[in-house]
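Since the structure comes first, as structure tokens, the remarks are kept for the end.
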């Protein structure tokens, strides 16, 4: 069964890496400290996500124990679905943090006003028999608007209906369904030229 959602209330993000000081250096994030990064991520999140909105977080939520996760979740607005990333299972498997999310899974297929979307932490080179119509949103790769095929040669194999919703690629802010739709439609137009 595919869960259905209304487009005006749906947001996506990934790879926030809350409380992960080394991610600042690894991904050249423009923050002076982990506190600066976390405060900015929380402020940006709550600036666009309202209390009744839906957020699909596509993994690598935070580093630290259950107390840190709970503290962060107390500060974030919206109903959060977590698609597990490679850094999430340790805390989720050893605590009750799962109960704080609307759902936790390794991947999910959703429908937003007729648009089927496959959500996974990782980008897939193949993922569906209907890959021309089913979008795939992912994280993990920490791309950004300046990443090119020279940076990651496998980018050339992705379809225009795939998009990295990660924090690094979206100004450290959750991105709305309507924003994703505009981006994918433009990528499809560019490919048709």
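Remarks
- Taking residues in the stretch 64-85 that are in contact (Cβ under 8 Å) with a residue 24 or more places away in the chain and on the phi > 0 side of the Ramachandran plot, and partners anywhere that are surrounded by 20 or more Cβ atoms within 10 Å (Cβ to Cβ) and in a strand (DSSP E or B), the pairs with Cβ atoms closer than 9 Å and at least 6 places apart or on different chains are 64/18; 78/11; 78/54; 78/55.
- Among (1) part of a helix (DSSP H, G or I); (2) under 14 Å from residue 166 (Cβ atoms); (3) in contact with a strand residue (DSSP E or B) (Cβ under 7 Å, 6 or more places away or on another chain), the one test that residue 44 misses: (3)
- The stretch 173-185 residues that are farther than 12 Å from residue 7 by Cβ, paired with ones that are at pLDDT below 95 (beta carbon under 8 Å, 6 or more apart): 183/163; 184/135; 184/160; 184/161; 184/163
- Subset of the stretch 22-35 [over 18 Å from the mean Cα position of the chain (by Cα), farther than 16 Å from residue 64 by Cβ and surrounded by 15 or more Cβ atoms within 10 Å (Cβ to Cβ)]: 31
- Filter pass, residue 90 being exposed (fewer than 15 other Cβ atoms within 10 Å of the Cβ), touching a residue at least 24 places away in the same chain (Cβ under 8 Å) and either touching a strand residue (DSSP E or B) at 6+ places or on another chain (Cβ under 6 Å) or farther than 18 Å from residue 165 by Cα (or both): no
- Check on residue 38, on the phi > 0 side of the Ramachandran plot, touching a helix residue (DSSP H, G or I) at 6+ places or on another chain (Cβ under 8 Å) and crowded, with 20+ Cβ neighbours inside 10 Å: no
- Filtered by the rule that a residue be closer than 16 Å to residue 139 by Cβ, assigned to a loop (DSSP other than H, G, I, E, B) and touching a residue at least 40 places away in the same chain (Cβ under 8 Å), the stretch 103-125 gives 121, 123.
- Look at (1) at pLDDT below 95; (2) under 14 Å from the mean Cα position of the chain (by Cα) and you find that residue 137 fails only one, number (1).
- Set 70, 46: member being touching a helix residue (DSSP H, G or I) at 6+ places or on another chain (Cβ under 8 Å), surrounded by fewer than 20 Cβ atoms within 10 Å (Cβ to Cβ) and under 24 Å from residue 183 (Cβ atoms): 46
The values are calculated or read from the model by the stated rules, or taken from the named source; none is laboratory data. Just so we're clear, the structure is a prediction, and the values are computed from it rather than from any experiment. Positions of Cβ are backbone-derived with ideal geometry, glycine not excepted, and every protein chain shown enters the neighbour counts.
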